[in-house]
Amino acid sequence: MITVVIPTIGRASLADAVPAGVPVIVVEDTERRGPAAARNKGWRQARTPWVVFLDDDVVPAEGWLEAVVKDLADLPEDVGGSQGRIEVPLPEGRRPTDAERNTAGLADADWITADMAYRRSALEKVGGFDERFPRAYREDADLALRVMAAGFRLVKGERVTRHPVRDDGFWASVRFQRGNADDALMRRIHGPGWRSLIGAGGLLPRHAVTAVLGLSAVALAVAAAGKGGGGATRGAARKGGSARNRAAGAALLAGTGWAALTARFAWERIAPGPRTPAEIVRMLVTSVAIPPVACLHRLRGELRERW
């Protein structure tokens, strides 16, 4: 009835992701083409009516196989997919970190391929995953929207899959901003209202304001620090000094706005967490870096889609 497809980049956690008692196709992404391409390669090898996609860093709960069979049994033909329930185990005795909260958000996300079953006929009708999505980001939401646009319904099952929190390092939240480039592709495919279709929020408009204020503050400060030529007349020198004073005032205003928005962003990330010294330092440093990096990746994505 089902085949499980798991794309992997060679994580040691793969062994825990493979369920027993069911055909499993593991596709190693050796060429780093991304999970969309790997999943396509996997499901096209399957011959069962249903294909269940799992990630290589999840752990199906005990009794998962029986539960997924029950979830899929007797579903009407217009149901093209069924999502498992994702649980993210968080540490006890302290508040979760920013990274742990981000992972915990998977528990409320719609149609993510941490555990997502699709009817093979639905995959065939829409052509599977769009391989223009190069990373594990938005490729699952894009597929879900196209499957629903093709006339299928998506439902949620009762099976449970756990998604442990990984330690991706100090700069993980900055690296994750690469996904902003893929948002440009989502907008091109599904229109400007795509976020509302999948229930996704976004901070990019605020990040853009923060980045513009920061760059403006630097540029104006450089202009204010400039000196007029040595041969300038007294009147020209007065005009130059007045211009530099205006630039200095504008730099102070822009810098204050940048600092206020950056402090707000950092506190939004610090306040719900454990507030340990290490976590506070990481949030402060990465909160400075994220707005411009997010904007640069979005700009890169927009340019890629235009050309």
Subject >> Subset of the stretch 89-137 [under 30 Å from E302 (Cβ atoms), at pLDDT below 95 and charged (D, E, K, R)] >> reply: D108, D110, R135
Original post:
Got at least one residue in the stretch 158-181 being surrounded by 17 or more Cβ atoms within 10 Å (Cβ to Cβ), within 12 Å of the chain's Cα centre (by Cα) and over 30 Å from A15 (Cα atoms)?
Top reply: yes
**OP:** Could you list all residues from the stretch 14-56 that are surrounded by 14 or more Cβ atoms within 10 Å (Cβ to Cβ), in contact (Cβ under 8 Å) with a residue 60 or more places away in the chain and of a type outside the set (A, V, I, L, M, F, W, C)?
**Re:** R33, G34, P35, R39, N40, R44, T48, D55
**OP:** Among the residues of the stretch 74-88, write down those that are at pLDDT 95 or above and either more than 18 Å from the chain's Cα centre (by Cα) or not hydrophobic (A, V, I, L, M, F, W, C) (or both).
**Re:** L75, P76, E77, D78, V79, G80, G81, S82, Q83, G84, R85, E87
Original post:
Only one residue in G127, G105, G84 is under 14 Å from D55 (Cα atoms), of a type in the set (G, A, S) and in the same structural domain as P19 (by TED's automatic domain parsing). Which one?
Top reply: G84
Original post:
Counting just the residues of the stretch 268-283 that are surrounded by fewer than 17 Cβ atoms within 10 Å (Cβ to Cβ) and under 21 Å from the mean Cα position of the chain (by Cα), which one comes out farthest from G93 (Cα to Cα)?
Top reply: E268
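This table checks each residue for (1) over 20 Å from L145 (Cα atoms); (2) out of contact with any Phe, Trp or Tyr (no Cβ under 9 Å at 6 or more places or on another chain); (3) not acidic (D, E).
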| position | (1), (2), (3) |
| --- | --- |
| P23 | yes, yes, yes |
| E28 | yes, yes, no |
| A37 | no, no, yes |
| E62 | yes, yes, no |
| L90 | yes, yes, yes |
| R94 | yes, yes, yes |
Subject >> Search result, residues across the stretch 146-176 that are among the small types (G, A, S), touching a Ser or Thr at 6+ places or on another chain (Cβ under 7 Å) and more than 21 Å from P91 (Cβ to Cβ) >> reply: G157
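The values are calculated or read from the model by the stated rules, or taken from the named source; none is laboratory data. In this text, all values refer to a predicted model and were calculated from it rather than measured experimentally. In this analysis, Cβ positions are derived from the backbone assuming ideal geometry, glycine residues included, and neighbour counts consider all displayed protein chains.
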